[in-house]
Amino acid sequence: MVNESADQLIVAIDGPAGAGKSTVGRAVAEQLHLEYLDTGAMYRSVTFAALRRGLDPSDQEAVGALSEQIEIEVDRERVLVDGVDATIEIRGREVTSAVSAVAANSRVRAELVRRQRAWVAEHGGGVVEGRDIASVVFPDATLKLYVTASARVRAERRVAEIGGDVDEVETSIIGRDRQDSTRVDSPLIEASGAVAVDTSDLSIDEVVAQVMELIPS
């Protein structure tokens, strides 16, 4: 059962890497007084755990089994993996370069979808963002959004945050988009009934205001 209670307010946000989903999701959750879940951090947590154990991120059996064993705690401030603060490490280059392989693992996806649904049931709703939230995890969400931006804008934002070369980052982002949208299990798509929001030329305040107008009264 996906949406256990009709009175749960669930905002499902999907979109490609670097489009501003996390920033928008946190701000919307704040305004709605809801809890916020970044599901990408969960996939990064599995990747972090796999790398710490010396596992090949592409080893589907080993990484799939690992995803069912580890403890993951994700909140607004930090990410704990088996009690270890991995908040910074999961955003590093090593994890970033390996997370697509982990995210394409069907066993990992099944386990994390189970955890995501349990999280929403526990919190009585929430703002949940990722790449398959509206299409797979919560297709009956109260509001489904597809937040996007041009690859160039996303690259410029990433470089502003962590440094690097814009052209190289843009190439990496385009490659990540291709991987996410062509994987067999839960590819990145604009879900049926989702509202597309292009953040390329909008401020966060403008995006949030636009989203808030879409919340049912």
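The values are calculated or read from the model by the stated rules, or taken from the named source; none is laboratory data. Model, not experiment: these values are computed from the prediction. Glycine gets a Cβ as well: all are built from the backbone with ideal geometry, and neighbour counts include every protein chain shown.
Between A104, A65, A86, A160, which is in contact (Cβ under 8 Å) with a residue 24 or more places away in the chain and under 28 Å from S200 (Cα atoms)? Every option except A104 fails the conditions. If you go through region 73-131 and keep only what is under 22 Å from S186 (Cβ atoms), touching a Ser or Thr at 6+ places or on another chain (Cβ under 8 Å) and among the charged types (D, E, K, R), you end up with R107, R109, E111, E129, R131. Quick check on G15: is it touching a residue at least 12 places away in the same chain (Cβ under 8 Å) and under 19 Å from V136 (Cα atoms)? Here the answer is yes, as G15 does meet what is asked.
Counting just the residues of region 167-196 that are charged (D, E, K, R), surrounded by 15 or more Cβ atoms within 10 Å (Cβ to Cβ) and over 24 Å from T142 (Cα atoms), which one comes out farthest from the chain's Cα centre (by Cα)? Per the stated criteria, the residue is E170.
Of all residues in region 57-67, at least one satisfies being closer than 28 Å to Q8 by Cβ, modelled with pLDDT of 95 or more and not aromatic (F, W, Y). Residue under question is T96, and the condition is that it be in a helix (DSSP H, G or I), β-branched (V, I, T) and modelled with pLDDT under 95; does it hold? Yes: the conditions hold for T96. Reported count of residues in region 51-86, each being under 19 Å from the mean Cα position of the chain (by Cα), in a loop (DSSP other than H, G, I, E, B) and surrounded by 14 or more Cβ atoms within 10 Å (Cβ to Cβ), is 3.
Only a single item in (1) free of Cβ contacts under 8 Å to residues at least 60 places away in the same chain; (2) surrounded by fewer than 19 Cβ atoms within 10 Å (Cβ to Cβ); (3) touching a helix residue (DSSP H, G or I) at 6+ places or on another chain (Cβ under 9 Å) is not met by V99, and it is number (2).
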